[in-house]
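All of the numbers you see were taken from the coordinates with simple rules; none came from a lab. In this text, all values refer to a predicted model and were calculated from it rather than measured experimentally. Please note: Cβ atoms are built from the backbone with ideal geometry, for glycine as well, and neighbour counts cover all protein chains shown.
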Amino acid sequence: MHPDHGTKAAVRVGREEQPFVAALGQFGEYLHRAHLPRGTLLRSDEYTESTRTVPRQMDTLLDDALCRLPVVGIMRGCPVRHAPGVAAAVRDAGFTVLEVTLDSPSPSEVIAELAGRFPDLVVGAGTVRTPADVALAGDAGARFIVSPIVSRPMLDACADRGLPCLPGAATPTEIWSALEWGAAAVKVFPARELGGPAFIASIRGPLGAPPLVPTGGVAIDDAAAYLAAGARAVGVGGSVFSASAMADGDAARVGSLAAALVEAIR
């Protein structure tokens, strides 16, 4: 080989932006977004090359609430008349974050009611899929957005409103794409079917330990295992907020299950 070939080849690689060079550029852009006022995940001063840890920062209000209790309670299908009682029950049990899904009856009304009545709860919207959904939730007073999908238009709409977004992802590629597009954290969904705590533990390292919120099938007796595997928080729905309890407004039952969950993870 001509002695100059190696050098010339290296120059050509740089000019043509081969994958590893392009990846470095993308990661630089990824870090740059830490300085934008979007309540997004990134903070460059937490990045360390030696550990390849993904920088992480969440909206302060949401992050503080999850530090107190790393649980997102998912209220699905709760009628407006029952919502305050259910919210009070889980708040009294120790919950700090509550997600109202948009496939619930009158979700805007529920979000507005809970956000106004419970200043000690961070109330957000779930089952959000489109920019129109983001607008509906934001106008109702939601403080964060949760989605079952990774959608760039939806994430951009959240960024425009300054709402931290937790999009739903099932693969490492989806998780990384969500982070690149400004996710505050990633909802790993459906967590149980994907492999449970073992799945969370196995993907965190290669992805740089991003903030993951496993959701879907998380039970009272395995929530602690998800957290031990490195999850930032867990999303808990039917194991605490059962469909029958929502329909009946059985706040006592919900509160009892919420207290059992809190006891299990503390």
Given labels modelled 7 Å from the Cα in the Cβ direction, how far is it in nm from ASP248 to THR130?
3.6
Paramagnetic reach from ARG81 (point 7 Å along Cα→Cβ, amide N under 16 Å) across region 247-263:
247-251
Sites matching trypsin sites (Lys or Arg not before Pro) across region 49-154 that sit in DSSP coil, with at most 16 neighbouring C-beta atoms within 10 Å:
ARG52, ARG81, ARG129
Modelled label reach - LEU61, point 7 Å along Cα→Cβ, region 176-206 residues with backbone N closer than 18 Å:
184-185
Relative contact order of region 193-263, pairs being alpha-carbon contacts under 8 Å that are 6 or more residues apart, as %
29
May I ask you to compute the full-extension gain from GLU109 to ALA228, defined as 0.36 nm times their residue separation minus their alpha-carbon distance, rounded to one decimal in nm?
39.2 nm
Net charge over other residues, Cβ less than 13 angstrom from the Cβ of ARG152 (K, R count +1; D, E count -1)
-3
With just the Cα atoms defining each centre, how far is region 210-248 from region 68-142? Give it in Å.
16
Beta bridge orientation in region 59-265: antiparallel %, DSSP, nearest 5
0
